[in-house]
Amino acid sequence: MKKFIAFFALYFTFTILSQAQETCAEKLVKANTYFELGRFGEAIRLAKTCATPSNKVSERWQAYRILAMAYIINNQLDSGRWAAENMLELNPTYKPSALKYPKNFITLLSTIKRSS
């Protein structure tokens with residue numbers, strides 16, 4: 001029984017540490033997968049962790065893109081607009097593909113004034 005408890009404690013500790021060491025890039029891959037699976041809340045939760053100044057600009061941009069789309073689909077339009085504005089602030093020349101992204105996402109982006 002003691003061996004089982006020790007094994008369980010070790011396994012639990014390893015699981016927590018491996019999740020804590022997950023890179024932002026790995027989280028964004030998961031967030032994008034969750035988005036594609038329709039698990040928008042989980043996509044938002046993970047993407048938020050990468051939308052911080054301590055992360056690379058490219059990671060923050062991707063996080064804001066996922067957040068904008070997930071918020072829009074969840075009908076959280078103010079949050080979607082906030083994320084889209086942040087996304088375009090990081091890359092004002094971005095033009096989404098009409099074949100790849102939802103129409104409401106593209107429409108939202110077209111309403112945001114971009115800095116030159």
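The values are calculated or read from the model by the stated rules, or taken from the named source; none is laboratory data. Here the structure is a predicted model, which is why all the values come from computation and not from measurement. SASA here: full protein model, heavy atoms, side chains in, ligands and nucleic acids out. Shrake-Rupley method; radii C 1.70, N 1.55, O 1.52, S 1.80 Å.
Give the shape of the range 59-116 as rounded, prolate or oblate, defined through the alpha-carbon gyration tensor: a ≥ b ≥ c are the square roots of its eigenvalues, a/c under 1.5 means rounded, and otherwise the shape is prolate if a/b is larger than b/c and oblate if not. Rounded, since a/c falls under 1.5.
Rolling a 1.4 Å probe across the protein heavy atoms gives the range 52-114 an accessible surface of 59 Å² per residue. Once all protein chains are placed together, Glu89 keeps about 130 Å² accessible to a 1.4 angstrom probe. Once the Cα-Cα distance is subtracted from the 0.36 nm per residue extended length, the Lys100 to Ser79 segment shows a gain of 5.4 nm.
The accessible area of Ile112, taken with all protein chains in place and a 1.4 Å probe, comes to roughly 20 Å².
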